[in-house]
1. For labels at residue 197 and residue 51 in the simple 7 Å Cα→Cβ model, what's the distance in nm?
2. Could you list 80, 26 so that the one with the fewest beta carbons within 10 Å of its beta carbon is first and the one with the most is last?
3. Near the amide H of residue 277, under 5 Å away, which other amide H atoms are found, from residues 5 or more places off or on another chain, if H is placed in the peptide plane?
4. If each of residue 174 and residue 92 carries a label point 7 Å out from its Cα toward its Cβ, how far apart are those two points in nm?
5. Work out how much length residue 266 to residue 182 would gain on full extension: take 0.36 nm times their residue separation and subtract the Cα-Cα distance, in nm to one decimal.
6. Quick one: length gained pulling residue 239 to residue 29 fully straight, 0.36 nm per residue minus the C-alpha distance?
7. At a Förster distance of 22 Å, what's the computed FRET efficiency of residue 248 paired with residue 101, Cβ-Cβ distance as r, to 0.05?
8. Cβ neighbours within 10 Å, averaged per peptide: list 42-50, 230-238, 54-62 in order, most packed at the top.
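Just so it is clear, none of the values below were taken in a lab; they were calculated from the coordinates. A quick note: this is a predicted structure, and the numbers were derived from the prediction, not measured. Backbone-built Cβ (ideal geometry, glycine too); neighbour counts: all protein chains shown.
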Amino acid sequence: MSQTSFVDNDVRDRSWRDRWYEVIFEADTPAGKMFDVLLLVAILASVLVVMLESVESIRRAYPLLLWRAELLFTGLFTLEYFARIVCARRPLRYIFSFYGLVDLLAVLPTYLTPFFAGERTQRLAVIRALRLLRAFRIFKLAHMLSEASALREAVWSARAKIAVFLSTVLIAVVIVGSAMHLIEGDDNPATHTGFDSVPESMYWAIVTMTTVGYGDVSPTTAVGKLLAAGMMVLGYCMIIVPTGIVSAELAQTGGKIPTTVVCGECMAEGHDRDAVHCKFCGGKL
């Protein structure tokens, strides 16, 4: 066979992989969008089957039908998983990427069912719902992707301020929890209201500061109620702090609407529409 034939075969092979790569990994083409929409429908149906299987009356009435449906979806997702590996330019990058691990975990429970305690293992297949995260890319909700990216950058930029805020909250919880244990705890024979230790008192302080207020632990003395009132006011005031921090950073953060192109080298998404190379690894898009 001539060298030209080898070159033609290599080009044909690359073309075949590229075409399927665009269909399976991206959603910029009609075929790619149709593939991902059908995949989402299958994911929703498979999650519904897992949920119905957890209902005892339905499980007893249709055990064979549910089992066959589970096998069908597992088979489809297994074929899709291996198709992604075959089409990926760097299969190991896909296998160990976030979506690669989710795709693997989506099919493992059914295969592990015979080796473990059956039903409980199979119900872990509900992790397939994580794959619905692809909807942000598939339906071209680019504004959501852009805002999510901006929010992530804002939180990362404000990490030092957030760390200071959380440290302040922790210090307040420790101080108030310790004080409440001293006031309402076992050392005070007149009260026994659940503040039996500093950790339990800190639990109450956290519940109070976050304005959750379960009511399972509450002070009874005048001093304890006064301290609780101060903790409630402090918690109410503290709620706005992280919001203000992130909002200030978010106001300074902006981004372009990304495409659905997936880098074949590092499997990263969220590239600008005019990008030629991946902004994460430098690979050609």
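1. 3.9
2. Details: 80 17, 26 20.
Least crowded to most crowded, the residues run 80, 26.
3. Under 5 Å from the amide H of residue 277: 285.
4. 4.4
5. Values: separation 84, 0.36 × 84 = 30.24 nm, distance 5.57 nm.
Separation in residues times 0.36 nm, less the Cα-Cα distance, equals 24.7 nm.
6. Details: separation 210, 0.36 × 210 = 75.60 nm, distance 4.46 nm.
Result: 71.1 nm gained on full extension.
7. Working: r = 35 Å, r/R0 = 1.58.
The value I calculate is 0.05.
8. Details: 42-50: 18.1, 230-238: 14.4, 54-62: 11.0.
Ranked from most to least packed, the peptides come out as 42-50, 230-238, 54-62.
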